[in-house]
Amino acid sequence: MAQPIELGEAEVSQPAKVPILPVRIAKVFTSPTDLFDSLRERPVWIAALLVLIGLGLAQQLLIPEEIRRMIIEQTMERFIPAGTDPAAVEAQIEAAVNPPPIQTVLASLFVTPIVLLIISGLLLLAFNVVMGGEGTFKQLFSASVHAFYVYTLGGIVVLGLMFLGSAQMVLSPGVFLPDSADGFFANFLNGINVFSVWTCVTLGIAVSRIYPERSVAAGTGYLLTLYLLSIAGLAGFAGLIG
C-alpha cells in the first residue's frame with residue numbers, strides 16, 4: 001500500500017496572510033510593526049489607496065465655504081507679495097474658494113497618489129540606491145499608502161476643530177506662540193504638522209521592517225530631515241515675499 005507523501009516546509013509555499021483593510025487601518029495606529037511585517041511579505045495597496053482618495057474627496061466636499069475661505073486666506077496671506085492689488089487678491093481667493101467640481105475631483109484623484117509615489121521613490125533612492133538595500137518599490141509604496149492614514153486622520157481632526165470654531169489650519173508647535181509672533185521662526189513652527197511628523201515616524205517603522213539592517217531612527221530621521229527642510233524653505237520664501 002502506498003504511503004502518503006509528507007511535504008516539508010520548504011516544499012510548501014504558504015501565501016502570506018494580510019488582514020482585511022479595516023484591521024490594517026487600525027494596526028497603523030495600534031501595531032504598525034505587525035502591519036508592516038505582513039505588508040513586507042504581501043505588499044497590498046489598491047483598496048487602501050482608493051479609501052484614502054475617497055476620504056480626501058469627502059473632506060474637500062464637506063468643508064463649508066466659510067471655513068474653506070478662512071483656510072485659503074490664511075495660506076495666501078503668507079505668500080502674496082506686499083503691495084499686491086487687493087482686488088486681484090480677492091479674485092484669486094474667490095476662484096480658490098469655489099473651484100469647478102471637476103477640479104476638486106481631479107485633485108483628489110491625482111494629488112495623493114503622486115505624493116505617495118514621490119515618498120516611495122525617495123525611500124527607494126536612499127535605502128536601495130545609496131545604501132544598497134533590497135526592498136522593492138511595491139513594498140515601500142504599500143507601506144507609504146498605509147502610513148498616510150495618520151496624515152489623513154490629522155486632516156479629519158483639524159476639520160472637526162474648525163467646525164467647533166478653531167482657526168488652526170494644522171496642529172503645530174506654533175499654537176504655543178503669541179498671536180503677534182512673525183518672521184521665519186514663527187512661519188517655520190506654524191508650518192510643522194504634528195500628524196506629518198507622526199507619519200514620518202510610522203514610515204520609519206516600515207523602513208526598519210523592509211530593511212532589517214536599518215533602524216527606525218534611520219527611516220524617521222531621513223524623512224523628517226526632508227520634511228523639515230521643505231517647511232524651512234516655505235517659511236523662508238514667505239519671509240522674502242511678505
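The values are calculated or read from the model by the stated rules, or taken from the named source; none is laboratory data. The shown structure was predicted, so the numbers you read here are calculated from the model rather than taken from an experiment. Here the Cβ positions follow ideal geometry from the backbone for every residue, glycine too, while neighbour counts run over all protein chains shown.
Below are the figures for this structure:
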| item | result |
| --- | --- |
| Residue within region 133-154 that is over 29 Å from Asp34 (Cα atoms), aliphatic (A, V, I, L, M) and touching a Pro at 6+ places or on another chain (Cβ under 9 Å) present | no |
| Search result, residues across region 46-90 that are in a helix (DSSP H, G or I), modelled with pLDDT under 80 and farther than 22 Å from Val170 by Cα | Pro86, Ala87, Ala88, Val89, Glu90 |
| Total residues in region 116-151, condition at pLDDT below 95 and under 30 Å from Gln168 (Cα atoms) | 0 |
| Among (1) in contact with a Gly (Cβ under 9 Å, 6 or more places away or on another chain); (2) assigned to a loop (DSSP other than H, G, I, E, B) - the single one Gly132 does not satisfy | (1) |
| Residue among Ser196, Ser142 that alone is closer than 20 Å to Ile231 by Cα, touching a helix residue (DSSP H, G or I) at 6+ places or on another chain (Cβ under 7 Å) and of a type in the set (S, T, N, Q) | Ser196 |
| Whichever residue in region 209-234 is without any contact (Cβ under 8 Å) to a residue 40 or more places away in the chain and within 15 Å of Asp37 (Cβ to Cβ) and, among such residues, is surrounded by the most Cβ atoms within 10 Å (Cβ to Cβ) | Val216 |
| Test: residue in region 168-184 that is among the aromatic types (Phe, Trp, Tyr), buried (at least 16 other Cβ atoms within 10 Å of the Cβ) and either modelled with pLDDT under 85 or within 13 Å of the chain's Cα centre (by Cα) (or both) | no |
| Residue in region 29-45 that is modelled with pLDDT under 95, β-branched (Val, Ile, Thr) and more than 26 Å from Val105 (Cβ to Cβ) present | no |
| Subset of region 145-161 that is small (Gly, Ala, Ser) and within 19 Å of Leu57 (Cβ to Cβ) - its residue that is surrounded by the most Cβ atoms within 10 Å (Cβ to Cβ) | Gly154 |
| Selected residue (criterion: surrounded by the fewest Cβ atoms within 10 Å (Cβ to Cβ)) from residues of region 191-208 that are of a type in the set (Val, Ile, Thr) and within 17 Å of Arg40 (Cα to Cα) | Ile205 |
| Residue check, Val194 closer than 25 Å to Gln59 by Cα, touching a Ser or Thr at 6+ places or on another chain (Cβ under 8 Å), in contact (Cβ under 8 Å) with a residue 24 or more places away in the chain and among the β-branched types (Val, Ile, Thr) | yes |
| Residues satisfying the stated conditions in region 12-62, i.e. closer than 20 Å to Gly135 by Cα and of a type in the set (D, E, K, R) | Lys17, Asp34, Asp37, Arg40, Glu41, Arg42 |
| Tally, over region 28-45, of residues that are in a loop (DSSP other than H, G, I, E, B) and of a type in the set (A, V, I, L, M, F, W, C) | 2 |
| Number of positions in region 30-75 that are among the basic types (Lys, Arg) and either surrounded by fewer than 14 Cβ atoms within 10 Å (Cβ to Cβ) or within 17 Å of the chain's Cα centre (by Cα) (or both) | 1 |
